[in-house]
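Note sheet for the following structure.
Every number here is computed from the coordinates shown, using simple stated rules; none is lab data. Not measured: the values here are computed from a predicted model. Note that each Cβ is placed from the backbone with ideal geometry, even for glycine, and that neighbours are counted across all protein chains shown.
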Amino acid sequence: MKKIIILISLLLITQSASAADQTIEMLNKLGKEHMVYSKKIVKVDIGDTVFWKSTKPGHNVEFIKGGVPEGVEKFRSALSKDTEYKFEIPGIYAYWCTPHKGMGMIGFIVVGNDKSNLEAIKKLKYQGKSKKIAEELISSL
């Protein structure tokens, strides 16, 4: 019985230690790019949380309509505020900064290495500079 308790404890510790929560900064500039997230593609496991840090004012996070797995609710954070989202449904999540989507401020979260909604992601109507950036990012998924 003691061995079983130890084994279960070790499994729980291993699971929590392997959690891959991520932080993404919302930036005005990164290298030669303007209006950009610090990470454009992030891969997480089911149950992980992504934190978006509002390092510069005027940015937010909005899931693109039709750009999330089936069953995911609409998500749009307030401007200039840190936000977070716990990913419970596997698949690809496309998001952008609402005021800067035309400038290419876009990103993708891949949850559980599930790319079953990739075709839907490819068919989204990206705006402005986001079209070209989305094509490049999608090809690297």
Task: All positions within the stretch 58-88 that are closer than 16 Å to Asp48 by Cα, surrounded by 13 or more Cβ atoms within 10 Å (Cβ to Cβ) and of a type in the set (Lys, Arg) - done: none
Task: Every residue from the stretch 112-125 that is in contact (Cβ under 8 Å) with a residue 60 or more places away in the chain and over 16 Å from Ile89 (Cα atoms) - done: Leu124
TODO: Search the stretch 33-62 for residues that are within 17 Å of Tyr93 (Cβ to Cβ) and pair each with any residue that is assigned to a strand (DSSP E or B) and among the charged types (D, E, K, R) when their beta-carbon atoms are under 6 Å apart and the residues are at least 6 apart or on different chains.
DONE: Ser38/Glu25; Thr49/Glu84; Thr49/Lys86; Phe51/Glu84; Glu62/Arg76
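Looking only at residues in the stretch 54-63 that are out of contact with any helix residue (DSSP H, G or I) (no Cβ under 8 Å at 6 or more places or on another chain), in a loop (DSSP other than H, G, I, E, B) and of a type outside the set (S, T, N, Q), which one is farthest from Lys40 (Cα to Cα)?
Here is the first cut: in the stretch 54-63, the residues out of contact with any helix residue (DSSP H, G or I) (no Cβ under 8 Å at 6 or more places or on another chain) are 54-57, 61, 63.
Then drop every residue that is not in a loop (DSSP other than H, G, I, E, B), which leaves 55-57, 61.
Okay, now just the ones that are also of a type outside the set (S, T, N, Q), so 56-57, 61.
Numbers: Lys56: 17, Pro57: 19, Val61: 12 Å.
Among those that are out of contact with any helix residue (DSSP H, G or I) (no Cβ under 8 Å at 6 or more places or on another chain), in a loop (DSSP other than H, G, I, E, B) and of a type outside the set (S, T, N, Q), it is Pro57.
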Open item on the list: Looking only at the stretch 89-111, how many residues end up being more than 27 Å from Thr55 (Cα to Cα), touching a residue at least 40 places away in the same chain (Cβ under 8 Å) and either surrounded by 20 or more Cβ atoms within 10 Å (Cβ to Cβ) or among the charged types (D, E, K, R) (or both)?
Closed with: 0
TODO: Would you mind stating whether Gly31 is out of contact with any Ser or Thr (no Cβ under 7 Å at 6 or more places or on another chain), farther than 22 Å from Glu119 by Cβ and not charged (D, E, K, R)?
DONE: yes
Task: Selection within the stretch 27-42 - in a loop (DSSP other than H, G, I, E, B) and over 26 Å from Val111 (Cα atoms) - done: Gly31, Lys32
Task: Answer from Gly66, Gly104, Gly128 - the residue that is on the phi > 0 side of the Ramachandran plot and touching a Leu at 6+ places or on another chain (Cβ under 7 Å) - done: Gly66
Task: Complete set of residues in the stretch 65-79 that are in contact with a strand residue (DSSP E or B) (Cβ under 7 Å, 6 or more places away or on another chain), within 13 Å of Pro99 (Cα to Cα) and assigned to a loop (DSSP other than H, G, I, E, B) - done: Ser77
Open item on the list: Looking at the stretch 115-141 only, could you name the residues that are more than 14 Å from Ile41 (Cβ to Cβ) and either among the β-branched types (Val, Ile, Thr) or not in a helix (DSSP H, G or I) (or both)?
Closed with: Ser116, Asn117, Lys123, Leu124, Lys125, Tyr126, Gln127, Gly128, Lys129
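Considering Ser116, Ser80, which residue is under 19 Å from Lys29 (Cβ atoms) and touching a Pro at 6+ places or on another chain (Cβ under 8 Å)?
On the way: Ser116 fails: under 19 Å from Lys29 (Cβ atoms).
Of the residues listed, the single one that is under 19 Å from Lys29 (Cβ atoms) and touching a Pro at 6+ places or on another chain (Cβ under 8 Å) is Ser80.
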